[in-house]
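Structure record follows, encoded as structure tokens.
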Amino acid sequence: MRIENLNELDLNRLTRKSYGDDETLEQRVAEIIKLVQKDGEEAIYKLTEEFDHVNLRQSGLQVTAEEIQEAYNNVSENYLRALRTAKANILSYHEKQKRTSWLEPNLDGSVLGQLLLPLKRVGIYVPGGTASYPSSVLMNALPAVVAGVEEIVMVSPPRTDGTLLPEVLVAAAEAGVTEVYKVGGAQGIAALAYGTETIFPVDKITGPGNIYVTLAKKQVFGTVDIDMLAGPSEILILVDETGRPEELAADLLSQAEHDRLASAILVSSNQEILEKTIAAVERQLEDLPRAEIARASWETYGAAVLVSSLQEGMDLANKIAPEHFELVVEEPFSWLGQVRNVGAVFLGRYSPEPVGDYFAGPNHVLPTGGSARFYSPLNVDMFMKKVSVIGYSETALKRDAQQIALLARSEGLEAHARAVEARFKD
Ligand SMILES: NC(=O)c1ccc[n+]([C@@H]2O[C@H](COP(=O)([O-])OP(=O)(O)OC[C@H]3O[C@@H](n4cnc5c(N)ncnc54)[C@H](O)[C@@H]3O)[C@@H](O)[C@H]2O)c1
Ligand SMILES: N[C@H](CO)Cc1c[nH]c[nH+]1
Ligand SMILES: [Zn+2]
């Protein structure tokens, strides 16, 4: 890794804003989705054999109550305690987001308002290819629970022994997931969107995943709603001279270890910090269990960028729009007002990114690939829909009838005008 000056930086390499550009991947995902639509579960069994190397024809796709019970026997008390504390933190944070229906009576006797209603059935994708993510079970399911969703259907790829990690199943039970199926990748997304012989289709799919999952969500959008494009993880750290290279390197690797396509970027106006952090990354890679993945990510989509000032670094962050943005500077709160395009911001030395991944309470399902310009973190609103309420009184309609009819006739819609005037014929 060499330090790059801002003016020589290839932003396209770093932002990977190319979910739709790789035609081969798009095509492959489209074929998988079509196959599931055509052959249902037989297609899922075949694809699961191909990608997850396990044959589930005997056991079927759905996780049983016995498997969940067995999972509880296989997790430690300490794990359960930590999971339940994380759950409480996530619930408490998301309960603050919940909005309620409102009705506003007016003096003319009319009532206007908005009903806020939970979606009935949602699908949550929990990644499980190169790592398992019980934390993502909580992050997807708990906002749905707070919203009041009745049916929460989880899909996740099986391990080669045909099971899901006990910690994932326990997290599902603790979070209130109502059905769990062992199917991942684009085929898991297709199953949720179109249904199969045993899986009833859902109204919306949320959750992060690798590039196949993300492209599949993009392709089924319209048949179902989706939350956002939450693909391979990203971190951008803006650091001043107070930064400590060993800590910065650890934070960069925390996201690089997710995926070869993950992106970890360090930005500073201090050349020495950049140099020392690059060296620390090399040292830490030596005994990192997922070094192969993390190194591939660091070498392909990583960068150490020299800027002329913190302000220039902040502007770069808003341009790249990273999923996670760490502000490791002396006065992090003083920069908060300038944060625009990031999924989540982590303020200061004692807010390393994994605090948000697991525990603090805010959601870790965040927009990636530059989509933080327009998407928000997964939240309670995303599991609800709104219905407008209009209750006009006679007085109100009499007052407004003429103007409504005029507007209707200006659009050439006579029947609309007459529907209003019909009330006052006799
Ligand atoms: N943005 C977020 O909030 C967030 C949170 C957690 C994880 N992540 C990201 O989720 C991703 C998890 O990826 P993962 O791979 O570990 O798990 P995954 O569950 O997303 O993907 C695994 C599945 O991908 C499919 N697949 C693999 N190779 C394929 C191929 N050649 N052709 C077709 N399908 C194929 C298989 O079906 C496999 O089961 C990582 O990129 C990680 O960074 C993001
Ligand atoms: N950093 C991931 C989101 O990009 C979320 C996660 C789950 N577990 C660990 N990390
Ligand atoms: Zn993470």
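What residues qualify as long-range amide H neighbours of LEU56, i.e. H under 5 Å apart, gap of 5 or more or another chain, H built at 1.01 Å from N?
Amide H neighbours of LEU56: none.
Which aspartates and glutamates, on any chain, are close to LYS425 with Cα under 18 Å apart, when same-chain ones fewer than 8 places away are left out?
Filter leaves GLU394, ASP400, GLU414.
Mean residue ellipticity at 222 nm from the helices of the chain, using -39,500 (n - 2.57) per DSSP H segment of n ≥ 4 over the full residue count, to the nearest 500 deg cm²/dmol?
Only helices count here, giving -13500 deg cm²/dmol.
For region 288-373, state which chymotrypsin sites (Phe, Trp or Tyr not before Pro) are in a DSSP loop and have at most 13 other beta carbons lying within 10 Å of their beta carbon.
Answer by residue number: TYR350.
What order, most packed first, do the peptides 138-144, 305-311, 394-400 have when packing is the mean number of other Cβ atoms within 10 Å of each residue?
138-144, 305-311, 394-400
For each of ILE68, ILE273, ILE124, count neighbouring Cβ atoms within 10 Å of the residue's Cβ, then give the residues from fewest to most.
ILE68, ILE273, ILE124
Quick one: net charge of LYS46's neighbours, Cβ under 14 Å, K/R +1, D/E -1?
Summing Lys/Arg as +1 and Asp/Glu as -1 gives -4.
Rg/Rh for region 23-226 to two decimals, with Rh computed the Kirkwood way over all alpha-carbon pairs.
For region 23-226, the value is 1.04.
Top mean-square fluctuation among ILE237, ILE152, ILE199, Gaussian network model of the chain, C-alpha springs under 10 Å?
Top of the fluctuation ranking is ILE199.
Arranged by the count of other C-beta atoms within 10 angstrom, fewest first, what order do HIS416, HIS94 take?
HIS416, HIS94
Just order 385-391, 56-62, 31-37 by mean Cβ neighbour count inside 10 Å, highest at the front, would you?
The peptides rank, most packed first, as 31-37, 56-62, 385-391.
What aspartates and glutamates could a cross-link reach from LYS385, if we take a straight Cα to Cα line under 16 Å and drop same-chain neighbours fewer than 8 places away?
GLU150, GLU151, ASP203, ASP225, ASP227
Can you work out the Karplus-derived ³J(HN,Hα) for every residue in region 77-94? Use 6.51 cos²θ - 1.76 cosθ + 1.60 with θ = phi - 60°, whole Hz, and x for glycine or proline.
Couplings: 4, 4, 4, 4, 5, 5, 4, 5, 5, 4, 4, 4, 5, 5, 4, 4, 5, 6 Hz.
Within the set of other residues whose C-beta is less than 13 Å from the C-beta of LEU138, count the net charge using Lys and Arg as +1 and Asp and Glu as -1.
Result for the local shell: -1.
To the nearest 10 degrees, how steeply does helix 291-301 sit against the main Cα axis of the chain, on a 0 to 90 scale?
So the inclination is approximately 70 degrees.
Local charge sum around VAL183 (other residues, Cβ-Cβ under 14 Å, Lys/Arg +1, Asp/Glu -1)?
With Lys, Arg at +1 and Asp, Glu at -1, the net is -4.
Would you order MET382, MET314 from fewest to most other beta-carbon atoms within 10 Å of each residue's own beta-carbon?
Ordered from fewest to most neighbouring Cβ atoms within 10 Å, MET382, MET314 come out as MET314, MET382.
Lys pairs in region 23-226, Cα-Cα under 16 Å, at least 8 apart or on separate chains: how many?
Here the count comes out as 9.
So, how do all the Cα-to-Cα distances of region 60-112 break down into 10 Å bins, in percent, from 0 on up?
Histogram of Cα-Cα distances, whole percents per bin: 17, 21, 23, 17, 10, 10, 1.
A short reminder: the numbers here are calculations on the coordinates, not readings from a lab. Being a predicted model, the structure only gives us computed values, none of them experimental. Methodologically, a virtual Cβ is constructed for each residue, glycine included, from the backbone with ideal geometry; neighbour enumeration extends over all protein chains shown.
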